[in-house]
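The values are calculated or read from the model by the stated rules, or taken from the named source; none is laboratory data. Everything numeric in this text was worked out from a predicted model, so none of it was measured. So basically every Cβ, Gly included, is an ideal-geometry build from the backbone, and we count neighbours across all protein chains shown. To get the accessible areas, we keep the full protein, side chains included, count just its heavy atoms, and leave off ligands, DNA and RNA. Shrake-Rupley method; radii C 1.70, N 1.55, O 1.52, S 1.80 Å.
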Amino acid sequence: MGREFELKYRATAQQFAAIRSNWENWEKISMGTTYFDTPDGALSAQNCTLRCRLENGTSVCTLKTPSYGFGRGEWDAQAQWSAETVQQLFARAQREPVAFEKLVRVCGARFTRLAKTVELPGCVVEIALDQGVLLGGGREIPLCEAEIELKSGEEAAAVAWATAFAAQYGLQPERKSKFRRASDLAKGEKDGEI
């Protein structure tokens, strides 16, 4: 099983500038994401997320599924959006597939990611600084968030470091995923959390 373990934080451009100044050699990735679901929200109701993302022009399709703690099941395929790709993702996740022809575009995101891998005692994490927009219902809202993703090692070490990192830069935890915030926007449910 693939598993993603990350912590998300709301940020500002000023906080990003302070973070960037402490490390060199950031990798820059242009991201364009489209999220899919059935018209009745069958995947969302199961806390699953299905997306296709262009990462510096390369198509990566991803299925995320529920897990425990700060983790989620995550399966990726560097492939074009197609019925075969989606079927493979569901098979790898051992989940009942959704008929490809029933999938519709729900919302999206367009942002630039600055990524930096940091080796720490007990773990290796990636810092990702994402800045751009979330898209839904013909509207857009700003996106500015920092993610700390565990790449290897102990989850407890990553949580401890991320907590100290957030305190150092005055970052606030972000409880909603990009998909959830963009989906809320598409539904016209913009609120103070977005």
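Structure notes:
- Qualifying residues in the range 27-66 (those that are aliphatic (A, V, I, L, M) and over 20 Å from Leu129 (Cα atoms)) - the one surrounded by the fewest Cβ atoms within 10 Å (Cβ to Cβ): Ala45
- If you go through the range 8-24 and keep only what is outside any helix (DSSP H, G or I), of a type outside the set (Gly, Ala, Ser) and at pLDDT 95 or above, you end up with Lys8, Tyr9, Arg10, Thr12.
- Entry remark, the range 99-119: residues being hydrophobic (A, V, I, L, M, F, W, C), open to solvent by 30 Å² or more (accessible area, probe 1.4 Å) and either in a strand (DSSP E or B) or within 11 Å of Leu43 (Cα to Cα) (or both) number 3 in total.
- Of all residues in the range 169-192 being of a type in the set (D, E, K, R) and surrounded by 17 or more Cβ atoms within 10 Å (Cβ to Cβ), the one that is farthest from Gly122 (Cα to Cα): Asp184
- Some residue of the range 36-45 being of a type in the set (Asp, Glu) and in contact (Cβ under 8 Å) with a residue 12 or more places away in the chain: yes
- Single match in Gly69, Gly73, Gly2 (criterion: over 22 Å from Leu143 (Cα atoms), open to solvent by 60 Å² or more (accessible area, probe 1.4 Å) and in contact (Cβ under 8 Å) with a residue 60 or more places away in the chain): Gly69
- For the range 127-168, a residue qualifies if it is open to solvent by less than 30 Å² (accessible area, probe 1.4 Å) and outside any strand (DSSP E or B), and the qualifying residues are Ala157, Ala158, Ala162, Phe165, Ala166.
- Listed by first and then second residue, the pairs linking a residue in the range 13-26 that is over 15 Å from Thr117 (Cβ atoms) to a residue that is in a loop (DSSP other than H, G, I, E, B) and open to solvent by 50 Å² or more (accessible area, probe 1.4 Å), with Cβ atoms under 7 Å apart and 6 or more places separating them unless they lie on different chains, form an empty list.
- Against the conditions (1) without any contact (Cβ under 8 Å) to a residue 40 or more places away in the chain; (2) touching a helix residue (DSSP H, G or I) at 6+ places or on another chain (Cβ under 7 Å), Ile148 satisfies every one except (1).
- Residues of the range 102-154 that are among the charged types (D, E, K, R) and within 18 Å of the chain's Cα centre (by Cα): Arg105, Arg110, Arg113, Lys116, Glu126, Asp130, Glu140, Glu145, Glu147, Glu149, Lys151.
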